[in-house]
1. Report the semi-axes of the equivalent ellipsoid for the chain in whole Å, largest first, where each axis is √(5λ) for an eigenvalue λ of the Cα gyration tensor.
2. Given the Cα-Cα distance of residue 13 and residue 190 and 0.36 nm per residue of separation, how much length would full extension add, in nm?
3. Once you put a point 7 Å from the Cα of residue 211 and another 7 Å from the Cα of residue 4, both along the Cβ direction, what distance in nm separates them?
4. Per DSSP helix of 4 or more residues, -39500 (n - 2.57); summed, then divided by the residues of the chain. What does that give at 222 nm, rounded to the nearest 500?
5. Give the relative contact order (percent, whole number) for the stretch 5-203; include only Cα pairs under 8 Å separated by 6+ residues.
6. Relative contact order, percent, of the stretch 40-123 when contacts are C-alpha pairs under 8 Å separated by at least 6 residues?
7. As I understand it, the value is the acute angle between the Cα axis of helix 112-124 and the longest principal axis of the Cα atoms of the chain; what does it come to in degrees, rounded to 10?
8. Calculate, in nm to one decimal, what residue 199 and residue 128 gain on full extension: separation in residues at 0.36 nm each, minus their alpha carbon distance.
Ligand code: SAH
C-alpha cells in the first residue's frame, strides 16, 4: 500500500477542484488532502481515485464522491474531540476524513462483507475509529448517545427519529433525505424538544436500506 508523490499531487489537484466547487472549510480540505483515497478503492482503479466522482466498492455499494464527502463534513461543523456517529461505513473513506479532523468516530454498517473488510483495513492505515458496528443504522447507537454530530452517508427515505433523539443540544444531523434524489438536510438541536432544519440542494446516494437480507 503506497502513497507516492504522484498520488499526493493528484490529491492536491482534487482539493483545488473542491475549492472551485465551493468548499471553503480549511480543516475539511486539509483532511481530504491527507487521506489516500486511492487505497480505499480496489487496486487497478487508482486513476479514478482523484477525480471528483463516486465509485463502486464491494457489495454493490459506492465510495461517495469527494465533493459530497467534503460538503457533508463541512455542514457537520466538526471540532477536534467531537463525538461523531456515521451511518454507512462503506469503504471507510468518510470515517478516515473525520478521524483526520480529530473526531472520535463511531460508524455503523449493515453489509457484513464491507463491515469486516473496512474493520481490517482502517487500522492498517493508522485510522482508529472508536467503534465500527455491524448493525442497522436506522436505530442509531443508543448505548453511546448523545453525539455532537451524526452523518448519514446513504439516501434516507425519511428521517429516522432515533438519530434526532441521539443528538446533544447544539449537535447536528447531516442527512440526505429522499427516494431517488436526496436533499441534503441539516437538523440542529436547539433544545430538548426543538430542532432547526436547513436544506442544501440535491445529491444522489445509494439507499439507506431498511431490511436486512
Ligand atoms: N461513507 C461511505 C459511503 C458508503 S455508501 C464511504 O465513504 O465509502 C453507503 C453505505 O451505507 C453502504 O456501505 C451501505 O451498505 C450502508 N448502508 C445502507 N443501509 C444501511 C443501514 N440501514 N445501516 C447502516 N449502513 C447502511
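Quick note: the coordinates plus some simple rules give every number you see, no bench work behind them. Just so it is clear, the structure is predicted and the values come from calculations on it, not from any experiment. Neighbour counts run over all protein chains shown; Cβ positions are idealised from the backbone, glycine included.
1. After diagonalising the Cα gyration tensor, the semi-axes are 25, 19, 17 Å.
2. Using 0.36 nm per residue and subtracting the Cα-Cα distance, I get 59.9 nm.
3. Going from the residue 211 label point to the residue 4 one covers 4.8 nm.
4. Working: 7 runs with 66 residues, N = 213.
One gets -9000 deg cm²/dmol as the mean residue ellipticity at 222 nm.
5. Values: 385 pairs, mean separation 29.1, N = 199.
Relative contact order for the stretch 5-203 comes out at 15 percent.
6. 26 percent
7. Tilt of helix 112-124: around 60 degrees.
8. Gain on extension, residue 199 to residue 128, equals 22.4 nm.
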